[in-house]
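Only one structure is covered here, and it is reproduced in the block below.
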Amino acid sequence: MRARALRNGVALTELGLGTAQFGNLYRETTAEEAFGAAEAAWEAGVRYFDTAPHYGLGLSERRLGSFLATKPRGEVVVSSKVGRLLVPSPGTAGEQDDEGFAVPASLRRTWDFSREGVLRSVDATLERMGLDHIDIAYLHDPDDHLEQAFGEGIETLIELRAQGVVRAVGAGMNQSAALAELIRRADVDVVMVAGRFSLLDQEAGQELLPLAAEREVGVVVAGVYNSGLLASPRPAANAKYDYQDAPPHLVRHARAIAEVCERHGVTVPEAAVAFPLLDPVVVSVVVGARTSAQVDSNVARYAAPIPDALWDDLRSAALLPPAPSQDRI
């Protein structure tokens, strides 16, 4: 599988595996399913794996760490995140987690982008995963904590980078404006933007991607299916978009894209995976999976041949914006 390198040499495969579902996102994933999904990704050549303490209150990190213990450490790039500290919560241990994961609420998340909080979070991640360093550490969803996150938080990650505890630093968010601001303020290596650079939403292409290219910051794109609307060849009327029911105008837009794709022998999900990688500043597309079958499907979508004429026709029909200017590429 092809890889793209950050400016410091950390190379990410163009397709990465997101492991939120290893943490029982929405419903239980068995340990066998998670291991099988990771193994299928490895066999397909995927070497970039993304996780976070938030995913199943540490369950995703533990499961991914157990899998990676069977593989050569030098061949894999692992990203995790800081900002949500996991603290014991014995009073709710008999309840279910209330943030979308089917796990007992024996821990609770506490927002903390302070220096101490970041250090504790990184130490806990290393312990849960059985690692001696993290390849990429992201500030996780700091939207409501930007002052602390873009101050103490990122300064601490940069300090850890200098010590070799992490190899690259940045932030992961569901918006692009704050990520652009972080790039202006701090010496970051990579950012992850979810849902904002897809066939249906090119917000990140307006400011974030040009700025990242100028500052030589890599961009990882997640949420390429926009929560489901772009996950099937013929978008359904009841599909989800950004975790809510898709507005009718977006369903119509997605179906118009599907009609153009069909004329070129391409499916919407195949085009959804391929589109972000058209921009050279994008270093990887991260797609989640629960099972080996889902991994195989995503890998097949990534590997599908996409004719250049498809993008030309989508742009001619005003279904995509113009291509990035050649001077940026």
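The values are calculated or read from the model by the stated rules, or taken from the named source; none is laboratory data. These numbers come from a predicted model, not from an experiment. All Cβ positions, even for glycine, are placed from backbone atoms using ideal geometry, and neighbour counts span all protein chains on display.
Against the list (1) surrounded by fewer than 20 Cβ atoms within 10 Å (Cβ to Cβ); (2) of a type outside the set (D, E, K, R); (3) in contact (Cβ under 8 Å) with a residue 40 or more places away in the chain; (4) farther than 24 Å from Met192 by Cα, the condition Pro321 fails is (4).
When we screen Leu85, Leu25, Leu12 for residues that are within 22 Å of Met192 (Cα to Cα), at pLDDT 95 or above and more than 16 Å from the chain's Cα centre (by Cα), the only hit is Leu85.
Looking across Glu155, Glu147, Glu95, one residue alone is more than 21 Å from Met192 (Cβ to Cβ) and either under 22 Å from the mean Cα position of the chain (by Cα) or modelled with pLDDT of 95 or more (or both). It is Glu95.
Exactly one residue out of Gly288, Gly265 is within 13 Å of Ala41 (Cβ to Cβ) and of a type outside the set (S, T, N, Q): that is Gly288. Output the residues belonging to the stretch 114-139 that are outside any helix (DSSP H, G or I) and in contact with a helix residue (DSSP H, G or I) (Cβ under 9 Å, 6 or more places away or on another chain). Matches in the stretch 114-139: Ser114, Gly130, Leu131, Asp132, His133, Ile134, Ala137, Tyr138, Leu139. Can you confirm whether Gly65 is in a helix (DSSP H, G or I) and over 19 Å from the mean Cα position of the chain (by Cα)? For Gly65, the condition - in a helix (DSSP H, G or I) and over 19 Å from the mean Cα position of the chain (by Cα) - is not met. Going through (1) surrounded by 19 or more Cβ atoms within 10 Å (Cβ to Cβ); (2) within 20 Å of Val169 (Cβ to Cβ) one by one, Ser60 falls short only on (2). The residues on offer are Ser297, Ser284, and the sole one that is of a type in the set (Gly, Ala, Ser), modelled with pLDDT of 95 or more and part of a strand (DSSP E or B) is Ser284. The set of residues in the stretch 1-38 being over 21 Å from Val299 (Cα atoms) and of a type in the set (Lys, Arg) consists of Arg7, Arg27.
Of all the strands (runs of 3 or more DSSP E) wholly in the stretch 147-258, which have at least 3 residues that are surrounded by fewer than 23 Cβ atoms within 10 Å (Cβ to Cβ)? By residue number, no strands (runs of 3 or more DSSP E) qualify. What's the number of the only condition in (1) of a type in the set (S, T, N, Q); (2) assigned to a helix (DSSP H, G or I); (3) crowded, with 18+ Cβ neighbours inside 10 Å that Ser79 fails to meet? Status for Ser79: all satisfied but (2). For the residues Ala41, Ala102, Ala5, Ala11, the requirement of being under 16 Å from Gln294 (Cβ atoms) and touching a residue at least 24 places away in the same chain (Cβ under 8 Å) singles out Ala41. Scanning the stretch 67-99 for residues that are among the small types (Gly, Ala, Ser) and in contact (Cβ under 8 Å) with a residue 40 or more places away in the chain, which turns out farthest from Ala168 (Cα to Cα)? Out of the qualifying residues, it is Ala69.
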